[in-house]
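All remarks here apply to the structure that follows.
The values are calculated or read from the model by the stated rules, or taken from the named source; none is laboratory data. The shown structure was predicted, so the numbers you read here are calculated from the model rather than taken from an experiment. Backbone-built Cβ (ideal geometry, glycine too); neighbour counts: all protein chains shown. Keep in mind that these areas ignore ligands, DNA and RNA; they rest on the heavy atoms of the full protein, side chains included. Shrake-Rupley method; radii C 1.70, N 1.55, O 1.52, S 1.80 Å.
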Amino acid sequence: PIWIDLKESEAARSIGDYKRDEELTSRAVQKGRAIGARLLVTWGRHWECWSLHKLGQVAKSYEACAEAKRIFEEAGDKDSVASVLVTSAAVMEEQGKLAEAGAIYEQATKVYRETGDQGGLGVALDNLAIVQRNIGNHPAAKNLYQQAASIARAVGDKQILILAQGNLASLAFYDGDLAQARSSYEDLLITCRELGSKDRIALQLGNFGDVL
C-alpha cells in the first residue's frame, strides 16, 4: 500500500525516532511524486517539516511545511492547512521564536473557527496559550486554556481536556492562586479517572498534594 511508509513513520515519530521518521516520510514523498499521488506527497511533506526540524535541518523544515501548506491551499482543504500551520508554529516555538509561533497559532485558530473543526481548534488554542504563558502574558494564557478546556469538554476529547486542565492548574499554582489550582487539579483528577489512566491519576494526586 502506498500509505504504509507514512503509517510506519507515525510509529517512529511517537517514540522520538526522527531519523527513521524522516527516512520513511521522504520515501513516501518520493513514491508519491513518482506516481502522481499528490495527497501522499502533501502529507509526507507536512510530517517531514517536523522530522527535519528535530534533526536540525531548519531551512529544509520550513520548505517542507511551506510546500504542504501551498498544496493544501490549492486543494481548498482548509482543515489540513490549519494542521500544517499548527506544525509550523510548533517548529517556531521549539526554536524560541515565540512571537512568530503565536502569530501562526492564531492563524490556525481562525481557520479552524471557519471550518468548525472544534477538536483542531482546542489543540491550537492550548498551544497558543502555552506561547502566551511563556512570553509572560498569563491572563491571556488563562483565557485560552479555559477556551480549550471548554471546547474539549464539549466534543468529548479527554486528551486535550487533560492538557488544558493541567495547564490551568500549573498556571494558577505558578501565580500563587492556590484555590484555583486546587479546583483545576480536582477537575483534572475527575477527567483522568474517567479516562481510566492510573499513571496520570497517580501523577495528579502528587500535584494535588502540593496545593493542599
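Figures for the structure shown
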{"read-out": "Cβ-defined net charge surrounding A75, 14 Å radius [Lys, Arg +1; Asp, Glu -1]", "value": "0"}
{"read-out": "Solvent exposure of region 13-64 as accessible area per residue, Å², 1.4 Å probe", "value": "52"}
{"read-out": "The chain, relative contact order in percent, only Cα pairs under 8 angstrom and at least six apart counted", "value": "9"}
{"read-out": "Straight-distance crosslink candidates among aspartates and glutamates, where the alpha carbon sits under 18 Å from K7 and sequence neighbours closer than 8 are dropped", "value": "D17, D21, E22, E23, E48"}
{"read-out": "Angle in degrees between helix 78-94 and the longest Cα principal axis of the chain, rounded to the nearest 10", "value": "70"}
{"read-out": "Candidate aspartates and glutamates for bridging to K78, where Cα separation is under 14 Å - those fewer than 8 sequence places away on the same chain excluded", "value": "E114, D117"}
{"read-out": "Cβ-isolated cysteines (cut-off 4.7 Å), the chain", "value": "C192"}
{"read-out": "Helix 198-210 vs. the chain, principal-axis angle (Cα, 0 to 90°, nearest 10)", "value": "50"}
{"read-out": "Among the listed pairs K19/K69; K69/K142; K69/K97, those beyond 28 Å (Cα-Cα)", "value": "K69/K142"}
{"read-out": "Net length gained if the chain between K78 and E94 were fully extended (0.36 nm per residue, minus Cα distance)", "value": "3.3 nm"}
{"read-out": "Cα-based helix-to-principal-axis angle, 158-174 vs the chain, degrees rounded to 10", "value": "50"}
{"read-out": "Helix-only mean residue ellipticity at 222 nm for the chain, each DSSP H run of n ≥ 4 adding -39500 (n - 2.57), per residue, nearest 500", "value": "-28500 deg cm²/dmol"}
